[in-house]
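The values are calculated or read from the model by the stated rules, or taken from the named source; none is laboratory data. Since the model is a prediction, treat every value here as computed from it, not as a measurement. Please note: Cβ atoms are built from the backbone with ideal geometry, for glycine as well, and neighbour counts cover all protein chains shown. Just so you know, the surface numbers come from the protein's heavy atoms only, side chains and all, with ligands and any DNA or RNA stripped out. Shrake-Rupley method; radii C 1.70, N 1.55, O 1.52, S 1.80 Å.
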Amino acid sequence: MPHRLLLHPTALPEESVYGYCLRLSHVNGLRGLRGLHRYAASQQQVPNLTTITGHTAEALSYLRGPSPAWLEHQEAWEQGLTITFWIKSHRRWCPQCLCEQPFWRAYWELALATACETHNALLIDICPRCQKHVPWTAGDLTHCQCGQDLRCTQTSSATPAALQSSHHLRRALNQTASTADSQSESTTLRDHSLLAAIHLGQLCSLLWFFGSYLYHPRAIKPQKITQHGSISVVLPLVTMSMSILEDWPHHFHAFIDRFSKPVQGCTASLRVHLGVIHQALFRLLKHPELHFLQIEFERYVHERWGEAFLYAEGLKHEHPMISGAEAAKILGVDIRYLKRLIAEGELQATGTTSSHGRKQLVVDRTSVLALKQYKGEEIPLRKAAKILRISPPRIRLLVKEGLLRPAYPGRGHLSKHLTLYGKDINTFLALLSHDECHQYAESTDLISVWRIGKQWLRGDENFLHLITALTRGELKAAGRDPNQYGIRALLLHRLEFRAWFDHLHAEQELMSIPDAAQLLHIDDCTIYYFVQAGLLALDEHRLYRFGKHIPGLRRATLVDLQRQYLWGERLAQATGIDRLHAAANLIHQGAKPVAGPWIHKHCCYVFRKEDILKATTGPRLEMSANGTTA
């Protein structure tokens, strides 16, 4: 039975997970995070803050930021941000804030937050005595490991750009809290009209994009910035980024001018003009919250290049998700009729939540355009493939398995003119999709169906396994990526997918060597010895797993191996001798093992059943197929 800590203070608004763990260890007399770790490791259950403090998840909902590696992970704390935007290695702090209230603010751990707007001062990340970063695992609540009081540190005035960026980052982080009173303390800074309504994930991506390309534009990968956890490194990046947003859109146009290349004649590719920023810029343009960026970019293209493009209409970027009002305008109907079309399955629609908590209706653009073009009539196979974002052969596979309904069921999936109704396509997507767009599609806790197909599951058979699991409810979508549409837009919880993926491979006929070793209760090295010795044959087909092709073994081959050989616990059961002495006893009686430490130091002893029967003296052992004595 796990025991709670003697003292368990409540979480404070804006407090970080690391900071709360420091307070827990401090009030309970433990030696920093390491002492708390040793205490948590002594508990019978997986250590988490709920079990060691007794607080409910709602009481701990104030907490934000990364958590220690030994603590049970809770994805809500990190807000879906990748590790690039969080600082986990060391602390940042405002000495005056620590003097007023000794707890660690979560926004201090954001990589792009460099200032305290309450005291108009830059954050500190270097101990003034030892001139080193202060790691979370060393020192206590308010002191460095060298003994320096972190509250007694001189600060310097923050620049307007650092204050503005930190203000918006703090505001965006506080808006994710479940309580209304966790708002920014300072109201002296005005809200930037472009940044006020952006969620934390897109705000970090926008600031990082502008700042990194201006910080070192000649780098091969400008967004890969080493030591970005240091204030001295990230401060000029933030300053450059805010300079673009303060004088919008003139500085944005100058930013593109800096990277665009003059091209003579006509071209159909923006990549030729934009060069290194092309891919990163278009990744930002896809998100609906950054619609203002797309508007200015399209205006810039029209003003600078005019008729330089051969296919200007085809180059215009369109958001996969549009508002309900825009969808009604495209179809020429009022909003009430639009909602009726959604209820009848003619349109694919989802919901999204603004940064201020307002629920909004968004509609899939492809389903709107398909309804406008075909008006409820049959949709050709190639057009259906664009709506679903899968290939025509995959659509035929879904029709063959009965997961997708064709317009004419009697013709079969091999029909030359296979067609579908838009309503049936939307019904199929509704079975797979979650009804809410996820704001943090780049989260390390989520994985997209598109990436699963690229890195984990390839081939029609694996694709069918995944879609079947989604339709049956074995896997559930965590949300939809607002940057995508169709099946590609689905986002799954990474841990849930990994559990399902491991179970799938455990049941498949073709197994990897690690899975085969787990099935046989033997180490991998022994499996490899069997393969080298010719006792096991690798299958000619190779598994695609973890982004690469690996050797596979047939389950039937492994069953035959179990029938002919004995090792480990099965060897002990067959001989009636304990596991530690069974092999030594058989060798003493003259049985020669086919594998063992004397052949390969990592192999366990493996004996052929026939050799055991010949060498065994006394009563003859009758062995059944499963290796036990009869």
The correct count of residues that are of a type in the set (Phe, Trp, Tyr), modelled with pLDDT of 85 or more and either in contact with a Gly (Cβ under 8 Å, 6 or more places away or on another chain) or open to solvent by 10 Å² or more (accessible area, probe 1.4 Å) (or both) in the stretch 476-524 is 1
With the first residue restricted to the stretch 211-234 and required to be modelled with pLDDT under 85, and the second required to be of a type outside the set (A, V, I, L, M) and open to solvent by 90 Å² or more (accessible area, probe 1.4 Å), Cβ contacts under 9 Å at 6 or more apart or on different chains are Pro217/Arg258
Of Leu431, Leu403, the only residue that is open to solvent by less than 80 Å² (accessible area, probe 1.4 Å) and not small (Gly, Ala, Ser) is Leu403
Suppose the filter is touching a Lys or Arg at 6+ places or on another chain (Cβ under 7 Å), open to solvent by 10 Å² or more (accessible area, probe 1.4 Å) and modelled with pLDDT under 90; does Pro9 pass it? yes
Going through (1) assigned to a loop (DSSP other than H, G, I, E, B); (2) closer than 29 Å to Met242 by Cβ; (3) of a type outside the set (D, E, K, R); (4) in contact (Cβ under 8 Å) with a residue 40 or more places away in the chain one by one, Pro135 fails only at (2)
Residue hits (the stretch 524-539; under 14 Å from Met511 (Cα atoms) and not in a helix (DSSP H, G or I)) are Leu536, Ala537, Leu538, Asp539
Next item on the list: Report yes if Ala76 is part of a loop (DSSP other than H, G, I, E, B), small (Gly, Ala, Ser) and either touching a strand residue (DSSP E or B) at 6+ places or on another chain (Cβ under 7 Å) or open to solvent by 40 Å² or more (accessible area, probe 1.4 Å) (or both), otherwise no.
Entry: no
Among helices (runs of 4 or more DSSP H) completely within the stretch 263-324, the ones holding 2 or more residues that are modelled with pLDDT of 75 or more and charged (D, E, K, R) are 291-304
Selection from the stretch 402-423 of residues of a type in the set (D, E, K, R) and in contact (Cβ under 8 Å) with a residue 24 or more places away in the chain yields Lys423
Of the conditions (1) modelled with pLDDT of 75 or more; (2) open to solvent by 50 Å² or more (accessible area, probe 1.4 Å); (3) within 30 Å of Asn462 (Cβ to Cβ), the single one that Lys548 does not satisfy is (1)
Flagged pairs (Cβ under 7 angstrom, 6 or more apart or on separate chains; first in the stretch 118-131, within 18 Å of Arg170 (Cα to Cα) and part of a loop (DSSP other than H, G, I, E, B); second open to solvent by less than 60 Å² (accessible area, probe 1.4 Å) and at pLDDT below 90) are Thr118/Ser186
From the option list Arg4, Arg34, Arg38, single residue qualifying as in contact with a helix residue (DSSP H, G or I) (Cβ under 9 Å, 6 or more places away or on another chain), part of a helix (DSSP H, G or I), among the basic types (Lys, Arg) and surrounded by fewer than 21 Cβ atoms within 10 Å (Cβ to Cβ) is Arg34
If we keep only residues of the stretch 212-224 that are under 22 Å from Leu123 (Cβ atoms) and touching a helix residue (DSSP H, G or I) at 6+ places or on another chain (Cβ under 6 Å), then the residue most open to solvent (accessible area, probe 1.4 Å) is Tyr215
Restricted to the stretch 85-117 and to residues being of a type in the set (Gly, Ala, Ser) and over 14 Å from Val238 (Cβ atoms), the residue surrounded by the fewest Cβ atoms within 10 Å (Cβ to Cβ) is Ser89
